[in-house]
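Worksheet for the structure shown next.
The values are calculated or read from the model by the stated rules, or taken from the named source; none is laboratory data. Nothing here was measured: the structure is a model prediction, and the numbers come from that model. With ideal geometry, Cβ positions are generated from the backbone for all residues, glycine too; neighbour counts draw on all protein chains shown.
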Amino acid sequence: MTKNSSGDGTDDTPLVIRPAGPDDAEALAPLVRALALFDGKGDVGHLTPATIAAWLTGPTPAFDAVIALADGEALGYAAFYRAFSLYRGGPLMLLENLYVTEAARKRGVGRRLVAAVAAEAQRRGYQRMELHVTESNRATRTFYERIGLHAPGEAVYRIEDGALALLAGEDS
């Protein structure tokens, strides 16, 4: 992970990108909630510092994250975890969330966060990183394309909550 002076679009405040851990849960929780609300998720009550700290704790955390800080203020984060590609025959990095505060956008913070996750993927020996983005979020899609990601023409399908339980019940 990286620590650089400048890079956040200002001349006087160094941007620090570093791994996030349980001690960062207080700073991460409002960012995670903000992204969830932006994505239209109404129920964010469970996204507390205690829950996020628990997810980041232990020998096998639920996810890994990097956090962007300037003068001790959290400007954004990226959450990621290992997935596996049978077709490629190896692990890949799944970038689950990327969020940058409104005030820190257009300052290179998002690009630096994605670059930090890409560097971690390379460090682990992964050959691929992927993510999902809402079809209607054109600005984010443009950002990802600008930094080198591409849409492979696949669609994401999801089932959750009651529908998942209903389908699982067919296995009895």
Residue count, segment 57-77, condition over 18 Å from ALA116 (Cα atoms) and touching a Pro at 6+ places or on another chain (Cβ under 8 Å), comes to 1
Can you tell me which of ARG141, ARG111, ARG82 is surrounded by 13 or more Cβ atoms within 10 Å (Cβ to Cβ), assigned to a helix (DSSP H, G or I), charged (D, E, K, R) and at pLDDT 95 or above? ARG111
Only one of LEU86, LEU75, LEU94 is among the hydrophobic types (A, V, I, L, M, F, W, C) and closer than 12 Å to LEU131 by Cα. Can you tell me which? LEU94
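Could you please let me know if TYR157 is loosely packed, with under 10 Cβ neighbours inside 10 Å and either at pLDDT below 95 or under 22 Å from ALA20 (Cβ atoms) (or both)?
yes
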What is the one condition in (1) in a loop (DSSP other than H, G, I, E, B); (2) within 26 Å of PHE38 (Cα to Cα) that VAL117 does not satisfy? (1)
I'd like to check something: does segment 44-58 contain any residue that is closer than 23 Å to ARG128 by Cα and of a type in the set (Phe, Trp, Tyr)? no
Can you name the number of the only condition in (1) small (Gly, Ala, Ser); (2) outside any loop (DSSP other than H, G, I, E, B); (3) farther than 29 Å from PRO22 by Cβ that SER136 fails? (2)
Conditions (1) assigned to a loop (DSSP other than H, G, I, E, B); (2) touching a helix residue (DSSP H, G or I) at 6+ places or on another chain (Cβ under 7 Å); (3) more than 29 Å from TYR126 (Cα to Cα): number failed by ALA62: (3)
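Quick grid of which residues meet (1) over 19 Å from GLN122 (Cα atoms); (2) among the aliphatic types (A, V, I, L, M); (3) part of a loop (DSSP other than H, G, I, E, B); (4) free of Cβ contacts under 8 Å to residues at least 12 places away in the same chain:
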position	(1), (2), (3), (4)
GLU26	yes, no, no, no
GLY45	yes, no, yes, yes
ALA50	yes, yes, no, no
GLY58	yes, no, yes, yes
ALA74	yes, yes, no, no
LEU94	no, yes, no, no
